[in-house]
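Only one structure is covered here, and it is reproduced in the block below.
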Amino acid sequence: MGRMTSDASLVEGEQLVLKLHPHWKTLLRPLLVLALVVLAALAALILLPLHAHGATIRLAIGAAALLAAIAWFLVPLLRWRSTSYELTTRRLRLRDGVLTRVGRDFPLSRISDVSFSQGLTDRIIGCGRLIVESPGEHGQLVLTEIPRVKEVQALLFQLVGDEQQRLAREER
């Protein structure tokens, strides 16, 4: 699944087990919008009559297409790339944000249940929702568009059990 690596933000004895980004499915709509923007700009440039202001209008069409591509494709791409779900031997870490980073950590010892759900399309392309439950004010965490969600659920469940065993050994 993922490679074990070291990370300076981990505590002593903790190892990174898996790092994921949301499934590529999240980029389908931005890709379609990008294709439509390019096609619309090309159509406008081809159908534009040649006259004295043609160069200015062509430049404006190109600039508008570029701005639309940045807003509707590049921004979602950067959000997708900067969002990560990390499983370590001690916690589930969520990280996101392009300009401002936001992080949230869930200690494995506080997780009481891990489940997943997949619709038909999700099953076909290999993603789904991961539902992590823990006691407390936040209760349930739902992560959408998780790649290989069944494998991630099984791994997280195993890591929760391992952490509970580790803590039980430390109490003795």
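The values are calculated or read from the model by the stated rules, or taken from the named source; none is laboratory data. Nothing here was measured: the structure is a model prediction, and the numbers come from that model. Here the Cβ positions follow ideal geometry from the backbone for every residue, glycine too, while neighbour counts run over all protein chains shown.
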Test for I57: is it more than 16 Å from the chain's Cα centre (by Cα) and loosely packed, with under 13 Cβ neighbours inside 10 Å: no
Contacts under 6 angstrom Cβ, first residue in segment 36-60 being in contact (Cβ under 8 Å) with a residue 24 or more places away in the chain, partner in a helix (DSSP H, G or I) and hydrophobic (A, V, I, L, M, F, W, C), 6 or more apart: V37/A65; V37/A68; V37/A69; A41/I61; A41/A65
Residue that is modelled with the highest pLDDT, among those in segment 9-38 that are small (G, A, S) and closer than 30 Å to T144 by Cβ: A35
Meets criteria (exposed (fewer than 13 other Cβ atoms within 10 Å of the Cβ), of a type in the set (D, E, K, R) and farther than 21 Å from L155 by Cα) for R101: yes
Single match in L36, L94 (criterion: assigned to a helix (DSSP H, G or I) and under 29 Å from the mean Cα position of the chain (by Cα)): L36
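Each row is one residue, and each column tells you yes or no for (1) of a type outside the set (G, A, S); (2) more than 18 Å from G119 (Cα to Cα); (3) assigned by TED's automatic domain parsing to the domain that holds F106.
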| position | (1), (2), (3) |
| --- | --- |
| S134 | no, yes, yes |
| G139 | no, yes, yes |
| L143 | yes, no, yes |
| P147 | yes, no, yes |
| E151 | yes, no, yes |
| A154 | no, yes, yes |
| L159 | yes, yes, yes |
| E163 | yes, yes, yes |
| R166 | yes, yes, yes |
Segment 126-172, residues that are closer than 28 Å to L27 by Cα and among the basic types (K, R): R129, R148, K150
Test result for G136, small (G, A, S) and outside any loop (DSSP other than H, G, I, E, B): no
Criterion: in contact with a strand residue (DSSP E or B) (Cβ under 9 Å, 6 or more places away or on another chain), of a type outside the set (G, A, S) and in a helix (DSSP H, G or I) - qualifying residue of K25, K19: K25
Residue among A68, A52, A41 that is over 28 Å from the mean Cα position of the chain (by Cα) and modelled with pLDDT of 85 or more: A41
Among residues of segment 135-172, those that are surrounded by fewer than 18 Cβ atoms within 10 Å (Cβ to Cβ) and free of Cβ contacts under 8 Å to residues at least 60 places away in the same chain, counted: 22
